[in-house]
1. Hey, does region A:60-72 have a residue that's more than 11 Å from RNA strand B (Cβ to nearest atom), aromatic (Phe, Trp, Tyr), in a helix (DSSP H, G or I) and surrounded by fewer than 23 Cβ atoms within 10 Å (Cβ to Cβ)?
2. Looking at region A:404-422, which of the residues that are near RNA strand B (Cβ under 8 Å from one of its atoms) and buried (at least 17 other Cβ atoms within 10 Å of the Cβ) is nearest to A:Asn358 (Cα to Cα)?
3. Condition test on A:Glu268, is it under 27 Å from A:Arg185 (Cβ atoms) and without any contact (Cβ under 8 Å) to a residue 24 or more places away in the chain?
4. Please name all residue pairs, on different chains or six or more residues apart, with Cβ atoms under 6 Å, provided the first residue is in region A:540-558 and is free of Cβ contacts under 8 Å to residues at least 24 places away in the same chain and hydrophobic (A, V, I, L, M, F, W, C) and the second residue is surrounded by 14 or more Cβ atoms within 10 Å (Cβ to Cβ) and assigned to a loop (DSSP other than H, G, I, E, B).
5. Looking at A:Val435, A:Val474, A:Val421, A:Val443, which is the one that is under 23 Å from A:Ala517 (Cβ atoms), over 46 Å from the mean Cα position of the chain (by Cα) and not hydroxyl-bearing (Ser, Thr, Tyr)?
6. Within region A:238-251, identify whether any single residue is more than 12 Å from RNA strand B (Cβ to nearest atom) and either of a type in the set (A, V, I, L, M, F, W, C) or in contact with a His (Cβ under 6 Å, 6 or more places away or on another chain) (or both), and answer yes or no.
7. Filter region A:173-191 down to the residues that are near RNA strand B (Cβ under 8 Å from one of its atoms) and either closer than 19 Å to A:Asp224 by Cβ or under 40 Å from the mean Cα position of the chain (by Cα) (or both) and list them by number.
8. Give the residue that is farthest from A:Gly180 (Cα to Cα), with candidates limited to residues of region A:141-159 that are out of contact with any Asp or Glu (no Cβ under 9 Å at 6 or more places or on another chain) and among the charged types (D, E, K, R).
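No value in this document is a laboratory result; all are computed from the given coordinates. Keep in mind that what you see is a predicted model, and the values were worked out from it rather than measured. Reconstructed Cβ throughout: ideal geometry from the backbone, glycine too, with neighbour counts over all protein chains shown.
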Amino acid sequence: MTNPNTESPETPSQDARTPNFLRDIIVEDLRTKKFGDAVVQTRFPPEPNGYLHIGHAKAICLDFGLADEFGGTTNLRFDDTNPEKEEQEYVDSIQADVRWLGFDWERLCYASDYFPQLYAWAIKLIEAGKAYVDDLTADEIRQHRGTLTEPGKNSPFRDRSVEENLDLFKRMKQGEFPDGTRVLRAKIDMASPNVNLRDPVMYRILHATHHRTGDEWCIYPMYDYAHGQSDSIERVTHSMCTLEFTDHQPLYRWFIENLGIFPSQQIEFDRLNITYTLLSKRKLLQLVQEHHVHGWDDPRMPTLSAFRRRGFTPEAIRTFVSATGVSRTNGSTDIEMLEYFQRDDLNRRASRAMAVLNPLRLVIDNYPAGQTEFVEVANNPEDPSAGTRQVPFSGEIYIEHDDFREVPPPKYYRLSPGKEVRLRNAYFITAQSVVKDAAGNIVEVHCTYDPASRGGNSPDGRKVKSTMHWVSAVHAISAEIRIYDKLFTKPDPNDHPEGGSVLDNLNPNSLEILTTAKLEPSLANAKPENRFQFERVGYFCLDPDSTPNNLVFNRTLPIKDSWAKIEKKVGA
RNA sequence: UGGGCGAUCGUCUAAUGGUAGGACAGUGCCCUUUGGAGGCACUUGUCUAGGUUCGAAUCCUAGUCGCCCAGCCA
C-alpha cells in the first residue's frame, strides 16, 4: 500500500493521533468492562443504493480505524432493507471502494441475512403485546402521528388482540395483502415528544424483488427495526453513525431492551461536509440519472470511484479524513485542505514528466539542423531512488504559450524578447524574434541557445530567473487532456433560492477538454491510474478511456501557481 | 412555537477546572534547475450576560445563534 520507494518510516508525530470523543468513549468502556471481555466490534453499514462518497470515507476510517486501534474487528454490513432502491451494482462497487481505501472486513454481512430472525422477534413482540398490525393508510398514520408540537392519537387498531395481530402479521408475510394496506407497528407512546417513538412502523408490505432474497419476502423491516438488532446479532459494541440518527437512539435501545438481546450501543458523530462539494447520495443519483455528469465515477463527482479515476490516492483521503477530525458540530471543511493533502502525497510519490498543454512552437536557430540528443532527467527530485530517464531534445520544441510574452508584465520571469531562461535539464536560451499569423497571434518564437549550458547550468555561473518545461517537437506525442474544475460554483451547493435546486449551482465549465497537448514520448507507456506530475503544470493520471492511439489524461489537481497570484496583484 | 444536539482563529480541530495549541488558508522573507517542494517569521479565536471558584473555553443559570426530527427511506 505504501510506496515501496519510500524507505523512511512514518514519522512518530504522524502516529500521534488527534484525540477525539469516540476514542475516549471506547477507552472508558474498556476500562469499566461495559461489554465484559468482549473486544471492540464495529460495523460499516451502507445501504447499497448508490456509490460510496468521501463522506462515507470518514465513517469507514472511523469504523475500521477505531476497531483496529483497540484490537477489535469490523464487519461490512449491507443495510439492504429496502429492495426498491437497492442493486447488486452498488453492492459490488461498495466492496471495491472499501478495499481501495485500504480496509478489509472481518465478516461480510447483510441485514437481509437476518430477515428470519427479525421476523421471529416481531412475533415475540406481538405476543408480548408490544406490537400490532395497523390497517390505517399511510396518510391516516401521518395524521394520527400529530405534529412536532402536538401529541398524536392512537390508531383505532392499536388494541387488537394478540391472536388477531399474530394472524394478520402472518398473512402479511404470506402475501395475502397488497402493498400499503397494513403495517406492523411498535406499541410505544403516541404522545412522546420524540416523534420516532410514536408507534413507529416496523414492517411494511412491499411486493418487490430483493437483490439477494428475490421474492422470498413481501414484508420488509424498516431501518429502525433492523439496525439495532443487526448490530446486536453481530455483537457490535460501538455502533457509530451520523448525528441525524440521534433522535432514533431511544428507539434503537427500546427494541434491544424489549427483546433482551446483546446491548449494542449507538454513538453519533458529525458528517463530513466539504466546501463546493455535494455529499447527498440522493442528489448525486440525480446528477447521474439526469446526465449532468457522465456517471458515478465521473472525476468531478465526490464518490470514491471518481476520486480514484481522477488520480486521488487512498492515502491522501485517509490523511485528510484524519486531519479533519471528528466531533459533534456541523461545519464545512475547506476543500483546499483535501487538495493540500493530495498534493503533498503526490509530490512525494508521483513520477515527473514534461507535457505542454497549450503549445507554442520554439525554434532554436543556432542548434544544428536535424540533430537530436538525449538529456538526463530525474524521475522525481523528491525521491532519488526513483532514478532518471533520457528525454529527447532537438532544435524545434514546444513550450507553454503562457511561458512567452512579447511584452512582459512586471515580475514576469519567463521568456520574452531578449530574455534568457533555462529549459529544464537542457540549455539556456534567449528569445530573439517572433513570427505572427495574419491575425497578429504569435505562432512561433525564435531563440538562440548557449551550447555551454548543457544540463541547465552555465560554466560562467550566469543565473536565470526562470526554468521552463518543454517537449521536443518531432518526438512529442499527442494526448487528450481533461481539465476538471469544481462541479459547483458555490461553497454550499445547496445554497439556492427558494424553489431552485443544486442544479442552479452547477459549474458550466467544470470540464474542459484539451486536444492540443504535446507530451514527452515516455508517457506513451503510461498505464491506467498511473499518476504523474507534469512539471510546473499539475498532477495527472491516465484515464481508463485511453487507447494506445488516443491517450487520455485526467488532471487530478493543478500545481500550486504562485505566479497566478502575483499576476492578479500586479494586474490589479 | 415540542423534543434532541451543538457553539474555540477565515476553515477544521486540541486543551477532560491550571500556559488557548496544531493543520489548512492568508501575509512577508530566505532558498530553489518546477514561480512546485522546502525553511523561517507573522496575523487572527473561547457566542452573550450573569454566577460558582484562588483559578473557567471547560461547571451552573439565562439568553442568542445553528443543525436534526412529523417516510410504509436509510
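1. No, region A:60-72 has no match at all.
2. A:Arg414
3. no
4. A:Leu542/A:Ala526; A:Leu542/A:Asn530
5. Working: A:Val474 fails: over 46 Å from the mean Cα position of the chain (by Cα); A:Val421 fails: over 46 Å from the mean Cα position of the chain (by Cα); A:Val443 fails: over 46 Å from the mean Cα position of the chain (by Cα).
Exactly one residue qualifies, and that residue is A:Val435.
6. Step one: of region A:238-251, the residues more than 12 Å from RNA strand B (Cβ to nearest atom) are A:238-240.
With either of a type in the set (A, V, I, L, M, F, W, C) or in contact with a His (Cβ under 6 Å, 6 or more places away or on another chain) (or both) added as a condition, the list becomes A:240.
Yes - at least one qualifying residue is present in region A:238-251.
7. Selection gives A:Asp179, A:Gly180, A:Arg182, A:Val183.
8. Filtering first and then ranking leaves A:Glu150.
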